[in-house]
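Inspection log for the structure reproduced underneath, given as C-alpha cells.
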Amino acid sequence: MTPSGTTSGGVPGPAGQPAWELLLPAAGAPARRRGRALQEALREAVRSGRLAAGTRLPSTRELAADLGVSRGLVTEAYEQLTAEGYLRGERGAGTWVGGAVRAGRVGAATGTGGAAAAGPGGRDAVAGAPDVRVDFRPGTPDLSLFPRSAWAAAQRSVLARLPHRALGYPDPRGLPELRGALAGMLARRRGVVADPERLVVCSGVAQASTLLGFVLRARGLRTVGVEDPGSPEHGRLFASTGMETVWLPLDGEGLRPEPLAASGVRAVVVTPSHQFPSGIGWSAERRAALLDWARTIGGYVLEDDYDGDFRYDRAPVGALQGLDPERVVYAGSVSKSLAPGLRLGWMLVPEALLDEVVERKRTMDLGNPVLDQAVLAEFVTRGGYDRQLRHCQRAYRERRDALLAALAARLPGTEVSGIAAGLHVIARVPARFGPPERFLARAAEAGVALRSLEEYGTARPSDGDVRLVIGYAHLSPSAVAEGVGLLAGAVGA
Ligand SMILES: Cc1ncc(COP(=O)(O)O)c(C=O)c1O
C-alpha cells in the first residue's frame, strides 16, 4: 500500500481511504506479535463494519506486499478469521468478508441436528465457517434436547384454558402466573430473594442488560465495568444504550477490588457463579467485597446468571443477589436450559430501580408475547423445567467427561479448568503444540472451529501456551472425541 492510499485491494473505507490502511499499525508491530496483531486488526475491522460484509479481500500475496509483511502471516490471518466465521473463502476463488450460513454444514458432525455454537447475538450463526467439521465454539446448548412433546402439551393446555381477555396487552412486567412460577423456581434453585412484584419477564439476559443500561444512562451514568476476560456481548449491549464499558481485571477469585475502586464506574456486569469465560466461581471474599463497594458508592451490580443451572461436581453456589437484593439486579434466561431462540428471560430488580425498568420495558415492546409466557409458566409449574435441567445435566456431564478424557489422551499435558459447571471449559495446551497462531490455523485447516481465550479480554500471555474456550454441550461424546482427534492430528500430537 502506498501512502496515497492506492492499493491493489483498492476497497475504500468510509473515509475514502483504502480499508487496508487500518492494518498498517498491526503490520508495524514487533515481529513476535505481528501475526496476532494483524489478526486482531482484521477482526476489529470486520466487527466495526469498516470492512463491510461482502468485501473481497486482496490475495494474500498482494496484501503481504502492501503491508510489507510475510505472506505466511497474511495466510494465517485469513485462515484464522475464516475459522472464526469473520471471513469466508473459496479455494482458488478468493476471500470475502462475512459468510452465509451453509445449512447442514456447521455442526454436521455433532449429532445435534446441525446446531451451530454461536455467541449471543447470532453473529456467528450468520457467518458460519464454510468447512467446519466439529465446532467447539461456546455459547449454545444442545438444541436437539429441546423438550418438544412436553412443550407442545403445555401449549395445548394453555390454549385450551386461557380466556380471550388474556390475549390483550399484558402487564409489561410479565404474566402474574409466570412471575410467580419463576420466583418460586429461582428462590429454590438459585437462592435469590425472589419477590414476584420485582420480577420482570424480558427477552433474555440481553434485554435485561439493555433495560438496565438505558435506566442507568438516564440517571447520568456513562460507564459500566465488565469483567476482563468477559463476554464481548456485555460490552455490545451496554454500548447500544450509550454506556461505555471499562475492562476490570479478574484473578482466580473474582474481580480485583483495587482496580474496581479506582475505575470510577458505578455499575458493573459480572458472572460470579461461573465466570464467563474463565469458568471460576467467585470466592466468598470477592463477592462480599463487590457488595461492599456497591453499598459504599451507591452503585449497582448486574449479575448475569447465564448458566447457573448447570453444576456437576460442586455444590450449587447461591446467586449473589441473595446477599443484597437492593444492590444486585439478577438476570437469567432459558437460553441454556431450553433454547436461546425462545428469547425468554427474567430479571429481579431492586426497589429503587423498579419503576424505571418497568417503564423502559413498556416503551420498548409493551411486554413479552403472552402465549410464550403462559406456556413457560405451565412448563415450570408442572415440573417440566426441573426435569429438563436434570436431563441436560446428565447429558452435559457425560460430554464434559468425554472432552476431558480425549484431551488427556490426545493432547497430553493440557490443563483444563472451569470444569465443575457450565457448558464450556478453558483448556491450556502446552506450548510444544503451539505457537497459538499456528495451532489455531492448523485447527481451522482440519475443520475444527475454536475460540481462543484472548478473544475475550486484554491479556496477551507470552508463554506460548494455547488457551482455548471450548464449548462441548452441543456436541455428542463421539463428536467431542472426533474433534479432539482432528486437533491432535492437525498439530502433530
Ligand atoms: C455470558 C453470557 N451472558 C448471557 C448470554 C445469553 O443471553 P440471553 O439470555 O439474552 O440469550 C450468553 C449466551 O451465550 C452468555 O454467554
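The values are calculated or read from the model by the stated rules, or taken from the named source; none is laboratory data. Keep in mind that what you see is a predicted model, and the values were worked out from it rather than measured. When we count neighbours, we look across all protein chains shown, and the Cβ atoms used for this are built from the backbone with ideal geometry, even at glycine. Accessible surface is based on the protein model in full, side chains and every heavy atom, while ligands, DNA and RNA are left aside. Shrake-Rupley method; radii C 1.70, N 1.55, O 1.52, S 1.80 Å.
Key figures for this structure:
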| read-out | value |
| --- | --- |
| Flag if G281 is under 23 Å from the mean Cα position of the chain (by Cα) and surrounded by 15 or more Cβ atoms within 10 Å (Cβ to Cβ) | yes |
| Flag for A377 being in contact (Cβ under 8 Å) with a residue 40 or more places away in the chain, more than 16 Å from the ligand (Cβ to nearest atom) and surrounded by 22 or more Cβ atoms within 10 Å (Cβ to Cβ) | yes |
| Any hit, the stretch 397-415, residues being over 21 Å from E482 (Cα atoms) and open to solvent by 20 Å² or more (accessible area, probe 1.4 Å) | no |
| Strands (runs of 3 or more DSSP E) contained entirely in the stretch 198-277, each with at least 3 residues that are open to solvent by 50 Å² or more (accessible area, probe 1.4 Å) | 244-251 |
| Residue ID - nearest to R390 (Cα to Cα), chosen from residues in the stretch 295-304 that are away from the ligand (no atom under 12 Å from the Cβ) and not aromatic (F, W, Y) | V301 |
| Selected residue (only one of D292, D307, D313 is in a loop (DSSP other than H, G, I, E, B) and more than 16 Å from the ligand (Cβ to nearest atom)) | D313 |
| Any hit, the stretch 275-285, residues being within 16 Å of the ligand (Cβ to nearest atom), more than 30 Å from I419 (Cβ to Cβ) and not acidic (D, E) | no |
| Criterion violated by Q321 - all others in (1) within 12 Å of the ligand (Cβ to nearest atom); (2) within 18 Å of L186 (Cβ to Cβ) satisfied | (1) |
| Conditions (1) touching an Asp or Glu at 6+ places or on another chain (Cβ under 6 Å); (2) part of a strand (DSSP E or B); number of the one not met by E437 | (2) |
| First in the stretch 294-322 and without any contact (Cβ under 8 Å) to a residue 24 or more places away in the chain, second anywhere and more than 16 Å from the ligand (Cβ to nearest atom), Cβ under 9 Å, 6 or more apart | T296/A261 |
| Tabulated pairs, the stretch 208-220, first in the same structural domain as M364 (by TED's automatic domain parsing), second away from the ligand (no atom under 16 Å from the Cβ) and assigned to a loop (DSSP other than H, G, I, E, B), C-beta under 6 angstrom, 6+ apart or interchain | G213/M243; R217/G242; R217/M243 |
| Candidate set: the stretch 186-210, residues that are out of contact with any Lys or Arg (no Cβ under 6 Å at 6 or more places or on another chain), closer than 19 Å to D324 by Cα and aliphatic (A, V, I, L, M); chosen: the one nearest to the ligand (Cβ to nearest atom) | A208 |
| Flag for A427 being within 20 Å of A473 (Cα to Cα) and either in contact with an Asp or Glu (Cβ under 6 Å, 6 or more places away or on another chain) or outside any strand (DSSP E or B) (or both) | no |
| For P232: the one exception among (1) within 15 Å of the ligand (Cβ to nearest atom); (2) at pLDDT 95 or above | (2) |
| Residue within the stretch 254-264 that is in contact (Cβ under 8 Å) with a residue 40 or more places away in the chain, within 14 Å of the ligand (Cβ to nearest atom) and closer than 23 Å to A352 by Cα present | no |
| Number of the condition not met by S335 [criteria: (1) part of a loop (DSSP other than H, G, I, E, B); (2) away from the ligand (no atom under 16 Å from the Cβ)] | (2) |
| Meets criteria (within 14 Å of the ligand (Cβ to nearest atom) and surrounded by 17 or more Cβ atoms within 10 Å (Cβ to Cβ)) for R327 | no |
| Residue tally, condition in contact (Cβ under 8 Å) with a residue 40 or more places away in the chain and either open to solvent by 50 Å² or more (accessible area, probe 1.4 Å) or touching a strand residue (DSSP E or B) at 6+ places or on another chain (Cβ under 7 Å) (or both), over the stretch 463-474 | 6 |
| E84 under 21 Å from E437 (Cα atoms) and either assigned by TED's automatic domain parsing to the domain that holds R50 or modelled with pLDDT of 75 or more (or both) | yes |
| Subset of the stretch 169-190 (residues that are without any contact (Cβ under 8 Å) to a residue 24 or more places away in the chain and surrounded by fewer than 12 Cβ atoms within 10 Å (Cβ to Cβ)) | R188 |
